[in-house]
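Here's the structure we're looking at; comments come further down.
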Amino acid sequence: MSSPIEALFTTALGLQPPWYVAKVDLDTAKRRIDFEVEHAGKRVPCPACGAAHQPVHDRVRRSWRHLDFFQFEAWLHADIPRVQCSGCGKTTQLPVPWAREGSGFTLLFEALGLSLCSELPVRQAAAQMRVAPKRLWGRIRHYVHGARARDDMSGVRYVGIDETSVKRGHAYITVVHDLEAKRLLFATPGRDHATLQAFAQDLRAHGGEPERIEHACIDMSAAYAKGIAQALPTAQVSYDRFHVVALANTAMDEVRREEMRSAAAAVRAAAGTGNKKTLRQLLWAMRKNPPQWTPAQCDAMNWLQRSGLKSARAWRMKQGLRLVYREAAASNCEEVARGALMKWISWARRSRLEPFKRLGATVKAHLGGVLRGMLDGRSNAYVEAMNGQLQQTKTAARGFRNLDNFIAVAYLRMSKLEHLPKNPMVPAIPREYGRYRHVCC
């Protein structure tokens, strides 16, 4: 090709003297374009000690995959000088400005891979880039580790802690989120108290102080409560509304299932029909909020409320707990919230429904944390939403064999890391879409 073409690609690749494109080879049959890059210098500074005007000892052949040129797969090739230094006595390979040492991808190609993996399953991203998934996993771990090493956690004050499953067989990871910045701070295998001690160490490594954590929102996990007491001694614990109401839903379902096992005929008679569809409508209506009931579910619940079934009492108790939360939020008064909650606990313990008697005892044992969860306005709703996204990520990827890969993807997508490579496809100048219109005459 002519000299202006090489000069054009030298500029397009961002090369500076003494690096330049010496040759461009386009193979349309293989849909590939190869750039031969050369180094014009004969004496260069030593990469190891910085000594100037050191001779080139020899050159080593290297190749790198680059961003596609139109529909053609692009590759860079260069004979990299190795410098023999008279100062330090070492023979060192000269670093190249377009790639990391030891990487077979250019920096821009790796940045594109990270951008795709933050939105797509890694296998799909690898298929689009025509590389092996294993090579992308290595880049994800490298860049996430480097970005987290520079992450600043000195301003963290309020955290939400939860666990999420990784695969079958009770394999879980613990996740810790910043409830103010809405980002993932820490993830580690396991769900015992030691995971929070590991979080405290990681927090210190990133400029934070465990003693300055003011609030931790958790479910009613004894292991997490123990971990907070040991690792975050000044944090006030609140129990998330979602988990407390979920316990009431679990107790209600337990009562309903037991009643169907022990007195199925009485349930059908009280419902006024033996139709299985009506009983199925009851199953779903009991779990939903009344404004979300369908007409068929409204009819089924009307039948249930006129019955003397235990399931009807269990549903009223579950709704009563939701009413307590609503009253506490409206009053924003600890005395009012405590009084309403103690009345509900008394009702639960006198209900003759064993699941609700146990739930009443559990809530009373964690009364302080439950009340804080009612009044401080903080919850693990964001944490639960992020756990849902992680489960979607796991489903799209058809599962993860490697826990480290799962955690790396979680950091990539949810930590809002500031020191990751930027997407090379983002326009350099913001575009005003829709500003111009094409008018056909």
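Any read-out appearing in this document is the output of simple, stated calculations on the displayed coordinates, not a laboratory observation. All figures in this text were calculated on a predicted structure; none of them were measured in a lab. Backbone-built Cβ (ideal geometry, glycine too); neighbour counts: all protein chains shown.
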By how many degrees, between 0 and 90 and to the nearest 10, does the Cα long axis of helix 133-149 differ from the longest principal axis of the chain? 80 degrees
Which of the listed residues, VAL409, LEU247, LEU108, is farthest toward the dipole's positive end in the chain, when Lys, Arg count +1 and Asp, Glu count -1 at the beta-carbon? LEU247
Counting only other residues whose beta carbon sits under 15 Å from that of LEU26, what net charge do I get with K and R as +1, D and E as -1? -3
Might you report the magnitude of the Cβ-based charge dipole of region 366-425 about its Cα centre, with Lys and Arg at +1 and Asp and Glu at -1, to the nearest 20 debye? 180 debye
Among GLN93, THR395, PHE69, pick out the residue whose Cα is farthest towards the positive end of the charge dipole of the chain, where Lys and Arg carry +1 and Asp and Glu carry -1 on C-beta, about the Cα centre. THR395
To the nearest 0.05, what FRET efficiency results for ARG322 and SER346 with a Förster distance of 22 Å applied to their C-beta separation? 0.80
Most exposed first by the Cβ proxy, i.e. fewest other Cβ within 10 Å, how do LEU67, LEU108, LEU309 rank? LEU67, LEU108, LEU309
By Cβ neighbour count within 10 Å, fewest first, MET286, MET260 rank MET260, MET286
In degrees between 0 and 90, to the nearest 10, how far off the longest principal axis of the chain does helix 276-285 point, with axes built from Cα atoms? 70 degrees
With both bridge residues required to lie in the chain, what share of the DSSP beta bridges run antiparallel, to the nearest 5%? 75 percent
Quick calc, region 310-388, dipole around Cα centre from Cβ unit charges on Lys, Arg (+) and Asp, Glu (-), nearest 20 debye, gives 580 debye
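How much length is gained if the chain between ALA329 and ALA171 is pulled fully straight, taking 0.36 nm per residue apart and subtracting their Cα-Cα distance, in nm to one decimal?
Full extension of this stretch gives 53.3 nm more.
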Using a Förster distance of 60 Å, how high is the FRET efficiency between TYR382 and HIS53, based on the Cβ-Cβ distance and rounded to 0.05? 0.55
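Once you sort the root eigenvalues of the Cα gyration tensor of the chain as a ≥ b ≥ c, which label holds: rounded (a/c under 1.5), prolate (a/b larger than b/c) or oblate (the other case)?
Since a/c reaches 1.5 and a/b is larger than b/c, the shape of the chain is classed as prolate.
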Net charge contributed by nearby residues that have their C-beta within less than 14 Å of TRP137 (K/R +1, D/E -1): +4
Quick one: 3J(HN,Hα) in Hz for region 408-420, Karplus 6.51/-1.76/1.60 with θ = phi - 60°, rounded, Gly and Pro as x. 4, 5, 4, 4, 4, 8, 10, 8, 6, 5, 8, 10, 8
Rounded to the nearest 20 Debye, what is the dipole magnitude of the chain about its Cα centre when Lys and Arg each give +1 and Asp and Glu each give -1 at the C-beta? 1920 debye
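With a Förster radius of 25 Å, plug the Cβ-Cβ distance of HIS206 and LYS182 into 1/(1 + (r/R0)^6) and report the FRET value to the nearest 0.05. Intermediate results must be reported in sequence, preceding the final value.
On the way: r = 17 Å, r/R0 = 0.69.
After rounding to 0.05, the efficiency reads 0.90.
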Selected from CYS217, GLN84, SER311, residue furthest toward positive end of dipole (the chain; charges at beta carbon): SER311
Quick shape summary for region 50-201, equivalent ellipsoid via Cα gyration tensor, semi-axes whole Å in descending order, reads 39, 23, 14
If you rank TRP315, TRP347 by fewest surrounding Cβ atoms within 10 Å, what's the result? TRP347, TRP315
